[in-house]
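Input: a single structure, listed below in structure tokens.
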Amino acid sequence: MTSESSYTHGTSGTALLGDTIGANLDRAVAAWPDREALVDVPSGRRWTYARFGADVDALARALLASGVAKGDRVGIWAVNCPEWVLVQYATARIGAIMVNINPAYRTHEVEYVLNQAGISLLFASLSHKSSDYRAMVEEVRGGCPQLRETVYFGDPTWEALLGRATPDVRFEALSCDDPINIQYTSGTTGFPKGATLSHHNILNNGYFVGESVAYTEQDRICIPVPFYHCFGMVMGNLAATSHGACMVIPAPSFDPKATLDAVQQERCTSLYGVPTMFIAELNLPDFASYDLSSLRTGIMAGSPCPVEVMKRVVAEMHMAEVSICYGMTETSPVSLQTRIEDDLEHRTGTVGRVLPHLEVKVVDPATGVTLPRGTAGELCTRGYSVMLGYWNEPEKTAEAVDAGRWMHTGDLAVMREDGYVEIVGRIKDMIIRGGENIYPREIEEFLYAHPKIRDVQIVGVPHEKYGEEVLACVIPHDAADPVTLEDLRAFCRGRLAHYKIPSRLQILGSFPMTVSGKVRKVELREKYGV
């Protein structure tokens, strides 16, 4: 293979784990019984590894006593809490398939997931903010014939379930290739698809993400990202337990103040978030008063990190070893990651290089042929991390995973000569203006340097003559003194090609977001593209 080809694979002297999640947890319990495994800051509850392992086993036995068998689907529709983590490990212990349900879902979406996955037992929060989960379950349960029981956290139904556990139940032997998790990916059109993941998929991904930031049993990981998403339950929880580290829950859902309080109080060494979360933390009026000196690393993922934000995270949050990850639910999730020794340019200009035991390539979307390095095309990945498939949707699986077992990401990428990869946009987000291909990321990075712009998203909107035109959606630093279109265009002139300069501007207070922290560009296009 010549160096010019956009193909690379991750070699490693560290072997893949052949364990199930339960066996891997047993190893951690035996090695570090007295170290803290889990801390819930809001309630003050704490688990050592010995207690965590015992509570996981008790819940696993309670599930078996309730008639849950290997391969049965157990839903979880809840915000971050210790019970969520216990359910994650207890279902894996018995080989039940945990189905993550987005806490933002409403009745229509929940009813679809309950039926599509065939969920027989559902765990749920009682309520959160404006969501009354019990009322929503009651509304849909008549249309979900397979749902036979719902258990609510912080409710007598939880204690009643635990009371069924019998000590003499033997756990069935499991294969690490068994499916144990279904995660619904947020489809921009139609209903979401259920990516089905095995022990082998997610345990190894969590382990190697943790290896890349040098986790040991000394680490304490603050996890403000949602557990229902791979970022929380794989990169957070499984990275922690596979290294004997501690999982710290700062709040049920993201709160910048609660996050920094948790880092300070628990002396966390690692902090997770999407860039908008770090921006919110840095913008707290009393940010400078927090003692964040315990931090050394963390993970930023979900969307590209602006250079100025990264500089502040490293300098003011003490996260000199912060890492950028790229992935998707269907790949467990991480394929590419920066390493702790990488410089600022690699951390902001790329999403890293391939993880151990994985392959990535950049191909021509039309022909599937691998492109030369430095050429934009579709990013594909292959290896242990690729999902088993979309639950009960073989046709959709075949559209995403080809005959060679390559997962087609739908992302436009460029592989550099050194093997690091730049994401230049989504194939569907690429703007085609008068025949010119425009990658929104390039313009966004450029506009972050404008003194009046706090955050910016670039989208293509319909145009009669050119097909599409460039719309800049801007959150200003000061709402009373926002940037004008004339300012913006003058800032770009002579520095960006004329066809990349925004022809429209929309000033906003916030962006529409998914629960996992990604900006919903499709919503910006629909709302402001008229």
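Among the residues that make up the stretch 453-471, is at least one of them out of contact with any helix residue (DSSP H, G or I) (no Cβ under 9 Å at 6 or more places or on another chain) and among the small types (Gly, Ala, Ser)? So far as the stretch 453-471 goes, yes, one or more of its residues are out of contact with any helix residue (DSSP H, G or I) (no Cβ under 9 Å at 6 or more places or on another chain) and among the small types (Gly, Ala, Ser). If you scan the stretch 483-500, which residues turn out to be surrounded by 18 or more Cβ atoms within 10 Å (Cβ to Cβ) and either part of a loop (DSSP other than H, G, I, E, B) or basic (Lys, Arg) (or both)? Residues satisfying the conditions are Val483, Lys500.
Working carefully through the options Thr338, Thr348, find the one that is in contact with a Cys (Cβ under 9 Å, 6 or more places away or on another chain) and over 30 Å from Gly389 (Cβ atoms). Steps first, please.
Details: Thr338 fails: over 30 Å from Gly389 (Cβ atoms).
Exactly one residue qualifies, and that residue is Thr348.
For Gly10, are the conditions met, namely being out of contact with any Ser or Thr (no Cβ under 8 Å at 6 or more places or on another chain), open to solvent by less than 40 Å² (accessible area, probe 1.4 Å), among the small types (Gly, Ala, Ser) and farther than 26 Å from Asp132 by Cβ? For Gly10, the condition - out of contact with any Ser or Thr (no Cβ under 8 Å at 6 or more places or on another chain), open to solvent by less than 40 Å² (accessible area, probe 1.4 Å), among the small types (Gly, Ala, Ser) and farther than 26 Å from Asp132 by Cβ - is met.
Rundown of residues vs (1) out of contact with any Cys (no Cβ under 8 Å at 6 or more places or on another chain); (2) open to solvent by 10 Å² or more (accessible area, probe 1.4 Å); (3) modelled with pLDDT of 95 or more; (4) over 10 Å from Phe123 (Cβ atoms), yes/no style:
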| site | (1), (2), (3), (4) |
| --- | --- |
| Thr48 | yes, yes, yes, yes |
| Phe52 | yes, no, yes, yes |
| Asp57 | yes, yes, yes, yes |
| Ala65 | yes, yes, yes, yes |
| Lys70 | yes, yes, yes, yes |
| Arg73 | yes, yes, yes, yes |
| Trp84 | yes, no, yes, no |
| Tyr89 | yes, no, yes, yes |
| Ala92 | yes, no, yes, yes |
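Please go through the stretch 255-279 and give me each residue that is modelled with pLDDT under 95 and open to solvent by 10 Å² or more (accessible area, probe 1.4 Å), ordered by number. Listed by number, the residues that qualify are Thr276, Met277, Ile279.
When we screen Lys452, Lys521, Lys527, Lys465 for residues that are open to solvent by 50 Å² or more (accessible area, probe 1.4 Å) and closer than 30 Å to Gln183 by Cα, the only hit is Lys527.
Counting the residues of the stretch 379-400 that are surrounded by fewer than 21 Cβ atoms within 10 Å (Cβ to Cβ) and either out of contact with any helix residue (DSSP H, G or I) (no Cβ under 8 Å at 6 or more places or on another chain) or not in a loop (DSSP other than H, G, I, E, B) (or both) gives 9. Listed by first and then second residue, the pairs linking a residue in the stretch 4-17 that is farther than 20 Å from Leu203 by Cα and in a strand (DSSP E or B) to a residue that is at pLDDT 95 or above and among the polar types (S, T, N, Q), with Cβ atoms under 8 Å apart and 6 or more places separating them unless they lie on different chains, are Ser5/Thr370; Tyr7/Thr370.
When the stretch 352-378 is filtered for residues that are open to solvent by 20 Å² or more (accessible area, probe 1.4 Å), under 14 Å from Arg416 (Cα atoms) and in a loop (DSSP other than H, G, I, E, B), the ones remaining, listed by number, are Leu371, Arg373, Gly374, Thr375, Ala376. Of all residues in the stretch 220-234, those that are more than 23 Å from Gln265 (Cβ to Cβ) have Cβ atoms under 7 Å from Cβ atoms of residues that are among the small types (Gly, Ala, Ser) and surrounded by fewer than 24 Cβ atoms within 10 Å (Cβ to Cβ), 6 or more apart or on another chain, in His229/Ser516. For Ala15, the conditions (1) touching a helix residue (DSSP H, G or I) at 6+ places or on another chain (Cβ under 7 Å); (2) open to solvent by 30 Å² or more (accessible area, probe 1.4 Å) are fulfilled apart from (1).
Could you list, in sequence order, the residues of the stretch 226-246 that are of a type in the set (A, V, I, L, M, F, W, C) and either surrounded by fewer than 24 Cβ atoms within 10 Å (Cβ to Cβ) or closer than 19 Å to Ile182 by Cβ (or both)? Reasoning before the result, please.
Taking the stretch 226-246 and keeping what is of a type in the set (A, V, I, L, M, F, W, C), we get 227, 230-231, 233-235, 238-240, 245-246.
The answer is Phe227, Cys230, Phe231, Met233, Val234, Met235, Leu238.
Annotation: Trp406 fulfils all but one of (1) without any contact (Cβ under 8 Å) to a residue 60 or more places away in the chain; (2) hydrophobic (A, V, I, L, M, F, W, C); (3) open to solvent by 40 Å² or more (accessible area, probe 1.4 Å); the unmet one is (3). Only strands (runs of 3 or more DSSP E) whose full extent lies in the stretch 27-96 are considered here, and the ones with at least 1 residues that are free of Cβ contacts under 8 Å to residues at least 40 places away in the same chain and of a type in the set (D, E, K, R) are 45-48. From the list Glu149, Glu172, Glu139, the one residue that fits, being of a type in the set (D, E, K, R) and either crowded, with 17+ Cβ neighbours inside 10 Å or without any contact (Cβ under 8 Å) to a residue 60 or more places away in the chain (or both), is Glu139. Any chance the stretch 290-300 includes a residue that's among the hydroxyl-bearing types (Ser, Thr, Tyr), touching a Leu at 6+ places or on another chain (Cβ under 7 Å) and more than 23 Å from Asn205 (Cα to Cα)? Looking through the stretch 290-300, at least one residue is among the hydroxyl-bearing types (Ser, Thr, Tyr), touching a Leu at 6+ places or on another chain (Cβ under 7 Å) and more than 23 Å from Asn205 (Cα to Cα). Looking only at residues of the stretch 304-331 that are open to solvent by less than 50 Å² (accessible area, probe 1.4 Å) and of a type in the set (Gly, Ala, Ser), we find that the one that is modelled with the highest pLDDT is Ser323.
The values are calculated or read from the model by the stated rules, or taken from the named source; none is laboratory data. Just so it is clear, the model here is predicted, and its values are computed rather than measured. Backbone-built Cβ (ideal geometry, glycine too); neighbour counts: all protein chains shown. The accessibility values were calculated without ligands, DNA or RNA, using every heavy atom of the protein model including side chains. Shrake-Rupley method; radii C 1.70, N 1.55, O 1.52, S 1.80 Å.
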